[in-house]
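A.B. asks: For reference, the structure I am asking about is given below.
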Amino acid sequence: MKKATKTGTSEYGIQRITTYSWVLMVLVAVGAMLVPILLSLDTSMVARYSLKKYQVGELCDEDVYAPATFEFIDEAKTKEALEEAQRAVLPTFTYSLNETLRATSRMAQFIDAWQNYSPEEASVRVRGMLEREGLTDSQQIVDRYASLSTDDRSQLLLASQETMQNLLGRGVYSEQDFNTVRAQGYTTFLLKDMPGSKGRPTVAIEQMASKDNLEKNMTSWLEAYTVSIKGYQLVLLEDTMQLLITENVRYDRNLTLLERDQAKSATAPIYVTVTKGQKILEKDKVITASQVALLEEAARHRTAYSMLELIGWSVYTVMITACAVVVFLMFIPHSPRKYQYLRFAMVAVLLSEVAAYFIIRYTKTLPYDLKDSVIPYILAPLFVSQVSDKKRYGAVIAFLMAAYSLLLPGSTIMTFFICLTNGAICVFFFQHADRKVENIYHWLYACITCIFTELALSLVGDVSLAALMPVIGVLTINITLSVAVCSLSVSICESIFNLPTENRLNELAFSHSPLLDRLEMAAVGTYNHSLNVSELAFESAKAIGANAMLARVGGLYHDIGKMDYPEYFVENQGDENKQNDLKPSLSVAIIKSHVKTGIEKGRQEGLPAEILDIIGEHHGNDVISFFYRKAQDQAGDDADLVSKNDYRYDAPLPDSKEAALVMICDSVEAASHTVKKPTPGKFEKLVHTIIMQKIEHGQLGESHLSLTDLDVVSKTLTKSLIGRNHHRIEYPKETNASGEDMPKQPVYGPVNQENVNENE
């Protein structure tokens, strides 16, 4: 006998592991290695995570040694050296020839006016010159010169000219410039371009004359004139210098800054070398700021990993990925979509790795340590569990994400447990929801439980409660976004890949279906039969832990192929049976055709592949015994020539628990209508007989149903049949006021054996 092929899951290739699966697994493993390596290139982030447990002023609980030899710039000492180099550059004052010539010219005009003109005209000329120069004669110098005799005036003018030349030759400074230099902490300066000096001599501020202290600096010079010039005339000489002289040496700020910048550039940074194995922290000693700085530098210089470390990471990643994939495939060994779900899982993990990289990079600038709560470790487990409708798959991916999180910079063993526990909690709470509104309650329960877990595990890791408050907020956001993205992703995937998700099966079971409407109109008997099979299959699947909703939907659609020729099936017939006028071989062909027709109609309706498999497998390759015996009876003495294979269904055996349950419930439901005067014992015997027949005919050999499962199914079906076909009792006859009998009123509900026997 040629073995029939499946028409549902196998025709789409979802039962085979493909090249894409291998490629995705390799990408996931490579991504798990690349993400922490790329994050470690950011030395500031690595240092931040590495120093979490070492705080200045606390006792160190372990000896810490330098992991490798490295060299770094001592920022503090280098800064001191740069400042010292800049400070060593003295302020520079520059001699101004223009200011010297201006003062000399002013004095020449002053002398010329008094020597060549009358005192009256000289006074006019001098005042005009002062006005042009913007000078104010507040000391009445012009009037005082005019009142002098010619000899005294001439002698005073000569003394004034010599004094100005002397002062300008020594240099006249600004007291404001001196104050600026003194404010910088300098008492000496460099003098540039001064006539008669070589290079840049260093000069003390206190030795230099400014316009504000000319009297002090002219004292020794004026002693030579005390014999030839009267005392009050010396005062006039001082006032004349104050009026006519100007500062001819100024502070050159730009030149000074330029030379200081050059000195700074020429100063080499100060390096510190730390050798491998050098002790940085000592156990039971107070941690100092310099030690923390040294630890930070050690962390920043660990951007390059040794070959041994990379090999260790590779082995760890490959082992974890391989173990997760093996367990993933072994948890549900008979799921027809397990390889497709594996590809979904790998894509979800890969996208989570990419998201983790960018999210951690973005949140590194925040003042809080949010790493454990911002890792997107919830989305992948939640998506896989909902898209496959299997919590075990979600638990495996939660473990994989938690294991990968250990590779991230700054991760601890608590990071692993937090990711694993919270991921499993969300998988548990969001696995089943008959209505969308239930997800709101599940979100609330998941947030509360995950927050409690975060608090408990973090406090075990000696984290302060105050530091956990922002973490709790971010964790809530993580869960909320994961649920929202997961819901959207599952809806997209179930539409694209026609997946039998919980929501999709609920829609098929309870929403308006044009296909079932046509079945009800064309074959009401088959439609009612399908409803009964659906409920029986649902209860049976729920009792043994199979996919109850898949069994329910499979039961609803298993006989949709009968709508084309409903009158040839007994549940749709009245008193007339059209099969009586046909040969057994033709009747069998019509009966068998409803399987193939049902598959085609289901495919046109867009039913998931698992439902198509149930439609195609709900009769297996069993013999249609009624028409086989009828053919033998008609053959008479040639009965042995009738081939049993000609009277078998051309379908594969059920290879899932749900398909096998629909097969059993289909036969049980149909046979239950033939039981006369039904009792619990008769139903129990009927169910047991049908199950044993399926076993003897080899129909359950690939269904993965155990004998324990079949025993539970037998009891469940018996209980359901008894409840559906319970007996009703009647009230005793009552009469009305006129003596007429009242109508009988049935009592609904379970009855005891005494009532049943009485009714019989």
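A.B. asks: What are the pairs with Cβ atoms under 7 angstrom where one residue, in the range 706-735, is farther than 17 Å from residue 547 by Cα and in a helix (DSSP H, G or I) and the other, located anywhere, is at pLDDT 80 or above and among the aromatic types (Phe, Trp, Tyr)? Sequence gap at least six, or different chains.
C.D. replies: What qualifies is 718/683; 721/683; 722/683.
A.B. asks: Do the conditions hold for residue 507, that is, is it of a type in the set (Asp, Glu), open to solvent by less than 50 Å² (accessible area, probe 1.4 Å) and within 37 Å of the chain's Cα centre (by Cα)?
C.D. replies: no
A.B. asks: Mind checking which residues of the range 552-568 are buried (at least 20 other Cβ atoms within 10 Å of the Cβ) and in a loop (DSSP other than H, G, I, E, B)?
C.D. replies: 558, 559
A.B. asks: Can you name the residue in the range 202-227 that is closer than 18 Å to residue 164 by Cα and not in a helix (DSSP H, G or I) and is also modelled with the lowest pLDDT among such residues?
C.D. replies: 226
A.B. asks: I would also like to ask the following. Give the residues of the range 171-192 that are assigned to a loop (DSSP other than H, G, I, E, B) and surrounded by 14 or more Cβ atoms within 10 Å (Cβ to Cβ), sorted by residue number. Write out each step before concluding.
C.D. replies: From the range 171-192, those assigned to a loop (DSSP other than H, G, I, E, B) are 171, 174, 184-187; that's our starting set.
Answer for the range 171-192, where residues must be assigned to a loop (DSSP other than H, G, I, E, B) and surrounded by 14 or more Cβ atoms within 10 Å (Cβ to Cβ): 171, 174, 186.
A.B. asks: Determine whether the range 636-651 contains at least one residue that is within 27 Å of residue 720 (Cα to Cα) and either surrounded by 15 or more Cβ atoms within 10 Å (Cβ to Cβ) or not basic (Lys, Arg) (or both). Explain how you work it out, then say what you get.
C.D. replies: Initially, the range 636-651 is screened for residues within 27 Å of residue 720 (Cα to Cα), giving none.
So far as the range 636-651 goes, no, none of its residues is within 27 Å of residue 720 (Cα to Cα) and either surrounded by 15 or more Cβ atoms within 10 Å (Cβ to Cβ) or not basic (Lys, Arg) (or both).
A.B. asks: Still on this structure, I have one more. Is there a residue being modelled with pLDDT under 90, part of a helix (DSSP H, G or I), open to solvent by 10 Å² or more (accessible area, probe 1.4 Å) and of a type in the set (D, E, K, R) anywhere in the range 611-631?
C.D. replies: yes
A.B. asks: Moving on to the next point. Tell me which residues, restricted to the range 668-701, are part of a loop (DSSP other than H, G, I, E, B) and of a type in the set (S, T, N, Q).
C.D. replies: Selection gives 674, 679, 699.
Yes/no matrix, rows are residues, columns are (1) more than 60 Å from the chain's Cα centre (by Cα); (2) among the small types (Gly, Ala, Ser); (3) over 18 Å from residue 90 (Cβ atoms):
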site: 139; (1), (2), (3): yes, no, yes
site: 145; (1), (2), (3): yes, no, yes
site: 154; (1), (2), (3): yes, yes, yes
site: 158; (1), (2), (3): yes, no, yes
site: 185; (1), (2), (3): no, yes, no
site: 195; (1), (2), (3): yes, no, yes
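A.B. asks: Out of all the residues in the range 355-370, is one or more over 24 Å from residue 612 (Cβ atoms), modelled with pLDDT of 90 or more and of a type in the set (S, T, N, Q)?
C.D. replies: no
A.B. asks: I've got another one for you. Which numbered condition in (1) in contact (Cβ under 8 Å) with a residue 12 or more places away in the chain; (2) open to solvent by 40 Å² or more (accessible area, probe 1.4 Å); (3) not β-branched (Val, Ile, Thr) is the only one that residue 75 fails?
C.D. replies: (1)
A.B. asks: Then there is this: Residue 580: surrounded by fewer than 21 Cβ atoms within 10 Å (Cβ to Cβ), in a helix (DSSP H, G or I) and touching a residue at least 24 places away in the same chain (Cβ under 8 Å), yes or no?
C.D. replies: Judged against the criteria, residue 580 is not a match.
A.B. asks: OK, next. Go through (1) farther than 17 Å from residue 559 by Cα; (2) surrounded by 22 or more Cβ atoms within 10 Å (Cβ to Cβ) and name the single condition residue 679 misses.
C.D. replies: (2) is the only condition that residue 679 fails.
A.B. asks: Next up: All but one of (1) of a type outside the set (A, V, I, L, M); (2) in contact with a Leu (Cβ under 7 Å, 6 or more places away or on another chain); (3) part of a loop (DSSP other than H, G, I, E, B) hold for residue 575; which doesn't?
C.D. replies: If we test residue 575 against (1) of a type outside the set (A, V, I, L, M); (2) in contact with a Leu (Cβ under 7 Å, 6 or more places away or on another chain); (3) part of a loop (DSSP other than H, G, I, E, B), just (2) comes out false.
A.B. asks: Determine if the range 480-488 includes at least one residue that is within 23 Å of residue 610 (Cβ to Cβ), over 27 Å from the mean Cα position of the chain (by Cα) and assigned to a helix (DSSP H, G or I).
C.D. replies: no
Every residue, every condition in (1) of a type in the set (Val, Ile, Thr); (2) open to solvent by 40 Å² or more (accessible area, probe 1.4 Å); (3) at pLDDT below 90, yes or no:
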site	(1), (2), (3)
412	yes, yes, yes
415	yes, no, yes
429	no, yes, yes
436	no, yes, yes
448	yes, yes, no
472	yes, no, yes
489	no, no, no
502	no, no, yes
512	no, yes, yes
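A.B. asks: Considering only the range 1-24, how many residues are closer than 20 Å to residue 351 by Cα and either among the aromatic types (Phe, Trp, Tyr) or modelled with pLDDT under 65 (or both)?
C.D. replies: So the count comes out to 2.
A.B. asks: Another one. I need the strands (runs of 3 or more DSSP E) fully contained in the range 243-344, keeping only those with at least 3 residues that are under 30 Å from residue 173 (Cα atoms) and in contact (Cβ under 8 Å) with a residue 60 or more places away in the chain.
C.D. replies: 249-251
A.B. asks: Taking the criterion of being in contact with a helix residue (DSSP H, G or I) (Cβ under 9 Å, 6 or more places away or on another chain), modelled with pLDDT of 90 or more, among the basic types (Lys, Arg) and open to solvent by less than 80 Å² (accessible area, probe 1.4 Å), would at least one residue in the range 332-349 satisfy it?
C.D. replies: Checking the range 332-349: at least one residue is in contact with a helix residue (DSSP H, G or I) (Cβ under 9 Å, 6 or more places away or on another chain), modelled with pLDDT of 90 or more, among the basic types (Lys, Arg) and open to solvent by less than 80 Å² (accessible area, probe 1.4 Å).
A.B. asks: Is it fair to say residue 597 is within 22 Å of residue 626 (Cβ to Cβ), at pLDDT 90 or above, open to solvent by less than 10 Å² (accessible area, probe 1.4 Å) and assigned to a helix (DSSP H, G or I)?
C.D. replies: no
A.B. asks: Another question about this same structure. Which helices (runs of 4 or more DSSP H) sit wholly inside the range 85-170 and have at least 1 residues that are in contact with a Gly (Cβ under 8 Å, 6 or more places away or on another chain) and in contact (Cβ under 8 Å) with a residue 12 or more places away in the chain? Talk me through it step by step, then tell me what you get.
C.D. replies: Details: elements: 97-116, 119-133, 141-146, 150-170.
Per the criteria, 150-170.
A.B. asks: Follow-up. Since residue 306 meets every condition but one in (1) of a type in the set (S, T, N, Q); (2) in contact with a Pro (Cβ under 7 Å, 6 or more places away or on another chain); (3) farther than 30 Å from residue 423 by Cβ, which condition does it not meet?
C.D. replies: Of everything listed in (1) of a type in the set (S, T, N, Q); (2) in contact with a Pro (Cβ under 7 Å, 6 or more places away or on another chain); (3) farther than 30 Å from residue 423 by Cβ, residue 306 misses just condition (2).
A.B. asks: Looking only at the range 25-48, decide whether some residue is at pLDDT 80 or above, assigned to a helix (DSSP H, G or I), of a type outside the set (A, V, I, L, M) and under 30 Å from residue 347 (Cβ atoms).
C.D. replies: Yes: the range 25-48 contains one or more residues that are at pLDDT 80 or above, assigned to a helix (DSSP H, G or I), of a type outside the set (A, V, I, L, M) and under 30 Å from residue 347 (Cβ atoms).
The values are calculated or read from the model by the stated rules, or taken from the named source; none is laboratory data. Please read all numbers here as calculations on a predicted model, not as lab measurements. Glycine gets a Cβ as well: all are built from the backbone with ideal geometry, and neighbour counts include every protein chain shown. Only protein heavy atoms, including side chains, enter the accessible area calculation; ligands, DNA and RNA are left aside. Shrake-Rupley method; radii C 1.70, N 1.55, O 1.52, S 1.80 Å.
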